[in-house]
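Here is the structure we will look at.
The values are calculated or read from the model by the stated rules, or taken from the named source; none is laboratory data. As the structure is a prediction and not an experimental result, all values here were calculated from the model. Virtual Cβ from ideal backbone geometry, glycine too; neighbours counted across all protein chains shown. Quick note on the areas: whole protein, heavy atoms, side chains included, nothing else; ligands and nucleic acids left out. Shrake-Rupley method; radii C 1.70, N 1.55, O 1.52, S 1.80 Å.
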Amino acid sequence: MKTMISTLALVAGLGTALLAGQADAASTVRFWYHFDNPENPMSDLVKKFEDANPDIKIDARNIPWNSYYDNLYTAIAGGNAPDAAMLKMFALPRLLEMEALEPLDDRINSWDGKDNILDNLFELTKAQDGKHYYLPVQYVALYLYYRADMFAELGLTPPKTCEELRDAAIKLTRDTNGDGRIDTYGFGFRGGKSGHEHWGTFTLGRTGVALDASLNSEAGVAGTQFVVDLFQKDKVFPPSAPNDGFQEIIGAFKTGVTAMTIHHVGSSRDLVAALGDKVSAVPVPECGGGRWTTFGDESSGVLSSASDKEAAWKWISFLSTEGNNALFNTATGQLPVTKTDTASWNGHEARFVEATKDSLPFAHLLPASSNTPEFVNTVWPANMQRALLGQITAADMNAAIAKLFEKQ
């Protein structure tokens, strides 16, 4: 009898110890993110998640953007990668080469939040092998800013085609103070680095044209020639356009030197502060049979080395769920990826949110190629500047870009 009681006591004691051990053995998900603003909602999101999932702890670390990917690649190579992280599409090829990511397709397909993600985002963030390694968490898409007051003054409507844009730009380019000199130009073109996003709207939307040998086609050359003609013949760009960067195009737009330009919702608060209702936005125009604009992405992913992949998935899917995603994006200046959060979003003026959302069906990423950085940083700006200045032809410029991408 004593033996039976002792055995029962031992079993009971072991059971109590096991339960205590389970309570102490919560999974910890190490999550890397990058927010410029140290006053951000991450601690609130972590608390909300941990309250709902007491068996999972989140160790969220804000890594400086300037060294984010250097730190990430080093951590992966050293066997000390986070369990989950914020990730951009440009990093996907290298991360796949390092076998650092967990495929998410099965989890996404069984996730209750899947149908609430904005249309086209899963397509845009799909890898070349057809799988999904990323879950969208925020985004932007470039659109056309226009000075609503100037358009109203001249009885113009926002352009829906390249031809309408050219016509409006010509009418908006004028001497407004009667001193005999042009002081307002129709369009602020970014001829410096990252200006490929402007050029892409006028060139890559054309039927059959992409960043490959098709740039040498009649349609491809016509797109670049359209840009050159706007500067050389129509003179609707400021003379500084071949060298203008972000600061120049936004500054000129705010001060009334230009009446249209292309950028994303990240500029809207600054522009509204300066111009109020005088600034509005619409999707970029159709050019040569189609539309093309730049998709600015940010997603999250689960690292293949994660100790508890299911816990890591629960955390990143929590960040892309209604309400949580809106709170997340209050720190980023970008837009939520859920349909419901988008409908109620008040972080930006509604007209800019609408222009962004309406641009998703024709938003694109640059090729996931090792040649893309050279295109963005060197080949495109150097050749665009020379073409605008008449030193090479539109065909020469396109041939140089096509040759670069033939290397891949």
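Some points to look at:
- SER369 sits among other residues whose Cβ lies under 14 Å from its own Cβ, and their net charge, with Lys and Arg +1 and Asp and Glu -1, is -1.
- ³J(HN,Hα) computed for each position of region 279-284 - Karplus, 6.51 cos²θ - 1.76 cosθ + 1.60, integer Hz, glycine/proline x: 10, 9, 8, 9, x, 4
- Over 19 Å [Cα-Cα, region 279-408], rounded percent: 67 percent
- Amide proton proximity set for THR161, modelled H, under 5 Å, gap of 5+: GLU286
- Calculated FRET value between ASP212 and SER240, using beta carbons and R₀ = 30 Å, to 0.05: 0.45
- A Gaussian network model of the chain, with springs between Cα atoms under 10 Å, assigns the largest mean-square fluctuation among VAL209, VAL284, VAL137 to VAL209.
- ALA210 long-range amide H proximity, modeled H, under 5 Å: LEU215
- Cα-based equivalent ellipsoid, the chain: semi-axes from gyration tensor eigenvalues, Å: 50, 24, 17
- Taking Cα centre as origin and charging only the Cβ of basic (Lys, Arg, +1) and acidic (Asp, Glu, -1) residues, the dipole magnitude of the chain rounds to 320 debye.
- Fraction of accessible area attributable to carbon and sulfur, region 68-177 (%, probe 1.4 Å): 44 percent
- With only the Cα atoms considered, region 123-252 has a convex hull volume of 151 Å³ per residue.
- Evaluated at q = 0.27, 0.31 Å⁻¹, a Debye calculation over the C-alpha positions of region 251-297 (equal weights, vacuum) places log10 I(q)/I(0) at -1.09, -1.25.
- Looking at the chain alone, DSSP beta bridges between its own residues are antiparallel in about 60 percent of cases.
- Directionally averaged shadow of region 349-406, computed from the convex hull of its alpha-carbon atoms, nm²: 5.8 nm²
- Accessible area expressed per residue, the chain, with surrounding protein chains retained (probe 1.4 Å, Å²): 45 Å²
- Here the gap between VAL272 and GLN391, fully extended at 0.36 nm per residue and compared with their Cα-Cα distance, gives a gain of 39.0 nm.
- With 19 Å as the limit on Cα-Cα distance, the pairs of LYS48/LYS314; LYS278/LYS357; LYS160/LYS357; LYS309/LYS339; LYS88/LYS131 that go past it are LYS278/LYS357; LYS309/LYS339.
- LYS131, LYS114, LYS160, reordered so the largest accessible area comes first (probe 1.4 Å): LYS160, LYS131, LYS114
- More than 19 angstrom apart: percent of Cα pairs within region 193-275: 45 percent
- Working note: Karplus 6.51/-1.76/1.60 with θ = phi - 60° gives region 85-91 the couplings 7, 6, 9, 10, 5, 4, 7 Hz, where Gly and Pro are set to x.
- Measuring spread by the Cα atoms of region 36-139 yields a radius of gyration and Dmax of 15.1, 38 Å.
- Put simply, the amide H of TYR139, placed in the peptide plane, has neighbours under 5 Å in LEU335, leaving out anything fewer than 5 places away on its chain.
- Area projected by the alpha carbon convex hull of region 139-201, averaged over all directions, nm²: 5.6 nm²
- In percent, rounded to a whole number, the relative contact order of the chain is 25, using alpha-carbon pairs under 8 Å and six or more apart.
- With R₀ fixed at 41 Å, the C-beta to C-beta distance from ARG351 to ALA77 puts the FRET efficiency at about 0.35.
- Rounded to the nearest whole Hz, the Karplus-based 3J(HN,Hα) values (6.51 cos²θ - 1.76 cosθ + 1.60, θ = phi - 60°) of region 358-365 follow the sequence 5, 8, 4, x, 10, 7, 9, 9, with x at glycine and proline.
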